[in-house]
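Contents: one structure, followed by commentary.
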């Protein structure tokens, strides 16, 4: 029998053959007969009343078949759509635009070119209105009101933890540090932009939606709910999510373009394709972060005691954050991080501004990045204030291995961890003490070098049905496995890979459980007609939920297999022993039936009274979240002439529990680290005072290339999750979450002796040079 | 990101190209297209027609002739990168070519396009000013030659007249004791410069006999920093002279605040880069002595 290559094997990715050969099938590869093309005319203003849309100007363009406006949609009660956060957002404005680049009208045409020409030709009359860009300004009395249908710009106040106890604890601390910090708006900037092909069959009353979505089943239900009044029902909706070129949370939301293409297909009776371009993607799709945090952290006798975070969250013109329904600020209350502290309180005030809506979990489990940034910056500051090296201070204040399962002050039960081991390993790998010595020498020579640590704890795998739902749908996920007579298998999941390698890792989990080699297992996701219901892939939840379901379904199959094996071997079930890939009779290893023998018998020679077939399904409701962690150390050199921060070394020790495919884990960490240093050094979507976006294309939105990316040095520790069937925790997002504060801490460390205590991100050369200049440390050569 | 429709012409001689330009005042010349096509995709440029130069023979190539390095306007950046002649004897040009955009762009982008597009953020104009290069053009007035210092009249504008086409570039041939360097500071690879400085030096007996210093993306055009050149000429290339040149270059810069930084910051970067470029140019010139 071939080696089954289950857990711990760097199996080559099954999906790579088609990706490497250009045979992937992405949304824009889908072409249907008679298909029309949709383009969107967008607002040049951040806030304006639409006085007239001259539809005739677009209709005059050769090939333009229809112009859809908010007034058209209003007739079908489709001008607004609900958000996941119980707010509503416009599909198309009936009278007022609320942000620059907002959809104003859809142009449907017989070619992509004609659609673009129609969108460019469409004349729209606007009356500009006052704009509010800064959320702090938006909260002031008399501020321009963003939403006519709301009382004010204040969306919600959310808080968690013991406010009074935390204040009292801070008052009793001997050392307290306070710092404001802003995590600016950023964008996932995935290689593939968003798009869809909507195909309405008027005869069958059936809608097929090919969609760039990370959550096809949830989308099907949402579409059914918002179109029920038009007669569409869930059994007549098929959502197909083909290959996806990067999601990172940006393909969780429902964008107006999807609804417009669907409406256009219903109106024209033809398939309609909408593919957004790069600028639209950056300017109008959901943003991430944009948290303005005021943090306080206190210690007594060197022991971290109390944390307080007060936060103003800029949500744009609608609260369209992609969070589980009961969590308006996501899992921000993981903010006590890796530290054993007894008092904590966090609050978030959501605010409307004239910017695009969003608040997606950009490669992050619902605001964990914001939480980790805050705590890791504050711990560094507090260590210094205590006169202690940040590494030593962390090691003393970590939650200790024997404290797990650990109840955090903000109510989480951390499943497992060994934080000290990860940090010590990272320190060993980078040669921490030697770097400190080198830094002292360099500082004496006037050179700027810094070392920064981030010892993050993540919270992923949403989530247990008790607290986690989206619009009421519990956040389980699913696996359905069918073993064919010849011992090969097909497995389908409610999740949807966007590059994570599910086709390989899920196959390896099944291989581990059943002894069927990964290449004999076909893994499919993304078609709601065939896959079992699930909530999709984001927030590092696939392995903790659907991966667990793969294990549980495999074990159900194994138990049926035991009965069949007993029948074939004429032995008692209780006497059978499972060894990967086969059952044998206890004491007689030669009397064995392989899983392939059992599969064949399931269709040809199954026991009387037993149903034929060998398949199982599992909807896995995780008993808890999982808590991956790690310690990153970043070493930077700063050019005193230009302000350029160069990452010389970056060591990342990750603990994601049991590793299914180490190569894929490394790849996830490489990509995550790159997306982690990006906001620290390069990326930001910014707006001027009139609400004009100033980083809305890839000339200005600085995605790192290979040239800006340092060599990553990876290490691992393995602390299995005690509640996951195979002990895995999820790893897709750890690096994105953990990396930014390591870089900031390194830069602040390099500048500490000058009196610098904090750096906002992105730490562009200009920003760093300004700081150097203010402190008389800029060089002229 | 989809341009409006336009006509496309690919004539096989300069006269025809010139005639097409004159007949279509809204037409644009297409060389490598790596500035023009993105502008068309953003609909920032909507030419009625493109006149592609690729089929016209004799517009590309790199050779030394008559005391000059002669480069055809349609020579691709990647050809300059691969040219043994450029790499071994024209370090300022070699440096400049290497930092233009990225390798994929350089496979198609041309030196003539980079110069004639006259984007103050383009890298070749400053190098040409520092080299004291001259440009050859062909059009209704016949063949004309321009000094680089006369060529750039404003952002995206040159002294070429309607129907006139840049055909070649002449750089004074490199001799003993000459050396140069281009120092570009960019936010990420492929970006336009925050600021960049081109320096070309000619040494004579250990002293600087001639100097060209020019700046990229800190004004409406590439800027020749005459005072910086004067600070270097006659000096021994010591730190005092380099500091004086750097200070003069910073003063010559006329940058604006933008995403890449404040005007003060850009001036500071010019100062630093001038020092670094001059140091590197000196070392290379000494090596070539």
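Residues considered: B:9, B:34. Of these, the only one that is within 14 Å of another protein chain (Cβ to nearest Cβ) and either surrounded by 17 or more Cβ atoms within 10 Å (Cβ to Cβ) or touching a strand residue (DSSP E or B) at 6+ places or on another chain (Cβ under 9 Å) (or both) is B:34.
Put simply, of A:250, A:302, A:316 the only residue that is in contact with a strand residue (DSSP E or B) (Cβ under 9 Å, 6 or more places away or on another chain), at pLDDT 95 or above, crowded, with 24+ Cβ neighbours inside 10 Å and not assigned by TED's automatic domain parsing to the domain that holds residue A:75 is A:316.
Do we find a residue being in a helix (DSSP H, G or I) and touching a strand residue (DSSP E or B) at 6+ places or on another chain (Cβ under 7 Å) anywhere in region A:42-49? No, because not a single residue in region A:42-49 is in a helix (DSSP H, G or I) and touching a strand residue (DSSP E or B) at 6+ places or on another chain (Cβ under 7 Å).
Scanning region A:196-240 for residues that are modelled with pLDDT under 95, over 25 Å from residue A:542 (Cα atoms) and in a helix (DSSP H, G or I) yields A:225, A:226, A:227, A:228, A:229, A:230.
Here residue A:70 meets the list (1) surrounded by fewer than 21 Cβ atoms within 10 Å (Cβ to Cβ); (2) at pLDDT 95 or above almost entirely, failing just condition (1).
Just checking, which of A:18, A:5 is within 30 Å of the chain's Cα centre (by Cα) and at positive phi?
Numbers: A:18 fails: at positive phi.
So the residue among A:18, A:5 that is within 30 Å of the chain's Cα centre (by Cα) and at positive phi is A:5.
Residues in region A:625-640 that are within 23 Å of the chain's Cα centre (by Cα) and part of a loop (DSSP other than H, G, I, E, B): A:625, A:627, A:628. The set of residues in region A:504-531 that are touching a strand residue (DSSP E or B) at 6+ places or on another chain (Cβ under 8 Å), touching a residue at least 40 places away in the same chain (Cβ under 8 Å) and surrounded by fewer than 21 Cβ atoms within 10 Å (Cβ to Cβ) comprises A:527, A:529.
Can you pull out the residues in region B:242-264 that are farther than 14 Å from residue B:195 by Cβ and either surrounded by fewer than 20 Cβ atoms within 10 Å (Cβ to Cβ) or more than 14 Å from every other protein chain (Cβ to nearest Cβ) (or both)? Give the derivation first.
Going through region B:242-264, the residues farther than 14 Å from residue B:195 by Cβ turn out to be B:242-245, B:247-248.
Within region B:242-264, B:243, B:244, B:247 meet the criteria.
Might you check whether a residue that is out of contact with any strand residue (DSSP E or B) (no Cβ under 8 Å at 6 or more places or on another chain), part of a loop (DSSP other than H, G, I, E, B) and within 23 Å of residue A:693 (Cβ to Cβ) occurs anywhere in region A:149-164? No, that holds for no residue. Picking from A:487, A:547, A:499, which residue would you name as being assigned by TED's automatic domain parsing to the domain that holds residue A:616 and closer than 20 Å to residue A:626 by Cα? Answer to the selection: A:547.
Within region A:88-116, the set of residues being within 14 Å of chain B (Cβ to nearest Cβ) and in contact with a strand residue (DSSP E or B) (Cβ under 8 Å, 6 or more places away or on another chain) comprises A:101, A:107, A:109, A:111, A:112, A:114, A:115, A:116.
Could you count how many residues in region A:737-756 are in a loop (DSSP other than H, G, I, E, B) and in contact with a helix residue (DSSP H, G or I) (Cβ under 8 Å, 6 or more places away or on another chain)?
If we filter region A:737-756 for residues that are in a loop (DSSP other than H, G, I, E, B), which is where we start, we get A:755-756.
Subset that is in contact with a helix residue (DSSP H, G or I) (Cβ under 8 Å, 6 or more places away or on another chain): A:756.
Looking only at that region, the number is 1.
For residue A:720, the conditions (1) surrounded by fewer than 22 Cβ atoms within 10 Å (Cβ to Cβ); (2) closer than 26 Å to residue A:189 by Cβ; (3) touching a strand residue (DSSP E or B) at 6+ places or on another chain (Cβ under 6 Å) all hold with the exception of (2). Going through (1) buried (at least 19 other Cβ atoms within 10 Å of the Cβ); (2) out of contact with any strand residue (DSSP E or B) (no Cβ under 7 Å at 6 or more places or on another chain) one by one, residue A:544 falls short only on (2).
Among helices (runs of 4 or more DSSP H) entirely within region B:98-174, having at least 3 residues that are over 12 Å from the mean Cα position of the chain (by Cα) singles out B:103-106. Only one entry in B:250, B:277, B:222, B:281 is at pLDDT 95 or above and over 18 Å from the mean Cα position of the chain (by Cα), namely B:250. With the requirement that a residue be more than 13 Å from every other protein chain (Cβ to nearest Cβ), free of Cβ contacts under 8 Å to residues at least 40 places away in the same chain and either under 16 Å from residue A:637 (Cβ atoms) or out of contact with any helix residue (DSSP H, G or I) (no Cβ under 6 Å at 6 or more places or on another chain) (or both), what does region A:757-775 give you? Matches in region A:757-775: A:759 only. Among the residues of region B:204-221, some residue qualifies, meaning at least one is in contact with a helix residue (DSSP H, G or I) (Cβ under 6 Å, 6 or more places away or on another chain) and part of a loop (DSSP other than H, G, I, E, B). On inspection, residue A:643 fails the criterion of being out of contact with any helix residue (DSSP H, G or I) (no Cβ under 7 Å at 6 or more places or on another chain), within 12 Å of another protein chain (Cβ to nearest Cβ) and in a loop (DSSP other than H, G, I, E, B). When residues of region A:47-66 are filtered for being surrounded by fewer than 19 Cβ atoms within 10 Å (Cβ to Cβ) and without any contact (Cβ under 8 Å) to a residue 60 or more places away in the chain, how many remain? So the count comes out to 4.
Working carefully through the options A:479, A:548, find the one that is assigned to a helix (DSSP H, G or I) and within 30 Å of residue A:329 (Cα to Cα).
Numbers: A:479 fails: assigned to a helix (DSSP H, G or I).
A:548 is the lone residue from the list that is assigned to a helix (DSSP H, G or I) and within 30 Å of residue A:329 (Cα to Cα).
Criterion applied to B:189, B:194 was being surrounded by fewer than 23 Cβ atoms within 10 Å (Cβ to Cβ), in contact with a helix residue (DSSP H, G or I) (Cβ under 8 Å, 6 or more places away or on another chain) and within 14 Å of another protein chain (Cβ to nearest Cβ), and the one residue passing it is B:189.
Could you figure out which of (1) surrounded by fewer than 20 Cβ atoms within 10 Å (Cβ to Cβ); (2) in contact with a helix residue (DSSP H, G or I) (Cβ under 9 Å, 6 or more places away or on another chain); (3) in a helix (DSSP H, G or I) isn't true of residue A:603? Of (1) surrounded by fewer than 20 Cβ atoms within 10 Å (Cβ to Cβ); (2) in contact with a helix residue (DSSP H, G or I) (Cβ under 9 Å, 6 or more places away or on another chain); (3) in a helix (DSSP H, G or I), only one is false for residue A:603: (2).
Residues to consider are A:675, A:699, A:663, A:707; find the one that is in a helix (DSSP H, G or I) and within 14 Å of chain B (Cβ to nearest Cβ).
Numbers: A:675 fails: within 14 Å of chain B (Cβ to nearest Cβ); A:699 fails: in a helix (DSSP H, G or I); A:663 fails: within 14 Å of chain B (Cβ to nearest Cβ).
Selected residue: A:707, the only one of A:675, A:699, A:663, A:707 that is in a helix (DSSP H, G or I) and within 14 Å of chain B (Cβ to nearest Cβ).
The values are calculated or read from the model by the stated rules, or taken from the named source; none is laboratory data. Since we're looking at a predicted model, the values are computed, not measured. Cβ atoms come from the backbone with ideal geometry, glycine included; neighbour counts cover every protein chain shown.
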